[in-house]
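Accompanying notes for the structure given below.
The values are calculated or read from the model by the stated rules, or taken from the named source; none is laboratory data. On a predicted model such as this, the values are computed, not experimentally measured, just so you know. Note that we place each Cβ from the backbone using ideal geometry, even for glycine, and neighbour counts take in every protein chain shown.
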Amino acid sequence: MDFYTSVLGLLVSDRVPDIIAFMRSPFGGDHHILGVAKSSHTGLHHVSFEVGDLDEIEIGAQALLAAGYKDGFGLGRHGPGSNYFHYIRDPWNSLVEYFWDIDVIPEGAEWTPSGGEPDEFAAVLTALWSHAPAPEEFILNYEEPD
Ligand SMILES: [Fe+2]
């Protein structure tokens, strides 16, 4: 988080101290364009693709499931950013996320990152609601340790 804020100038939108941080552009825009989470080793958790509406999330997710890819987590709505989501596993066990309707924070907006009350924020960290509970493996880091 220090590198991305001090070197690249990203701003922290929300965080759970020592667990996860969501960062945005200083020029305004999506609630987060990058997230970093504590782990035992480096790895890619997911990449996200923005689509045009809720239907497009499920059209994309259902097409991937029909093609044989494994369900990851979803449909649901995140806490941080409040975007709708559905994750599908890629062949290497990372996740691909379709999302829509993420919160926008304008440039210069008065914004106080959540994170002062970790327990409260953590309760909605994964989802405000979801079709089914997040599977335990959702937070696992499948990358090989260095
Ligand atoms: Fe995401």
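Checking S82 against (1) surrounded by fewer than 19 Cβ atoms within 10 Å (Cβ to Cβ); (2) in contact with a helix residue (DSSP H, G or I) (Cβ under 7 Å, 6 or more places away or on another chain), which test does it fail?
Against the list (1) surrounded by fewer than 19 Cβ atoms within 10 Å (Cβ to Cβ); (2) in contact with a helix residue (DSSP H, G or I) (Cβ under 7 Å, 6 or more places away or on another chain), S82 comes up short only on (2).
What strands (runs of 3 or more DSSP E) completely inside the range 38-105 contain at least 1 residues that are in contact with a Pro (Cβ under 7 Å, 6 or more places away or on another chain) and within 14 Å of the ligand (Cβ to nearest atom)?
71-77
Of (1) within 16 Å of the chain's Cα centre (by Cα); (2) of a type outside the set (S, T, Y); (3) more than 16 Å from the ligand (Cβ to nearest atom), G108 satisfies all except one. Which?
It is condition (1) that G108 fails.
If you go through the range 1-33 one residue at a time, how many are of a type in the set (G, A, S), under 20 Å from W100 (Cα atoms) and assigned to a loop (DSSP other than H, G, I, E, B)?
Qualifying residue count, the range 1-33: 2.
(1) crowded, with 19+ Cβ neighbours inside 10 Å; (2) closer than 20 Å to P135 by Cα: which one isn't true of D14, the others all being true?
The failed condition is (2).
Of all residues being loosely packed, with under 13 Cβ neighbours inside 10 Å and not hydroxyl-bearing (S, T, Y) in the range 18-43, which is modelled with the highest pLDDT? Just the residue, please.
Only one residue tops the list, namely F27.
Is there any pair linking a residue in the range 45-56 that is within 17 Å of H31 (Cα to Cα) to one that is β-branched (V, I, T) and surrounded by 14 or more Cβ atoms within 10 Å (Cβ to Cβ), with Cβ under 8 Å and at least six apart or on different chains, and which?
Sorted first by the residue in the range 45-56, then by its partner, the pairs are H46/V96; V47/V96; S48/V96; F49/V96; E50/I102; V51/I57.
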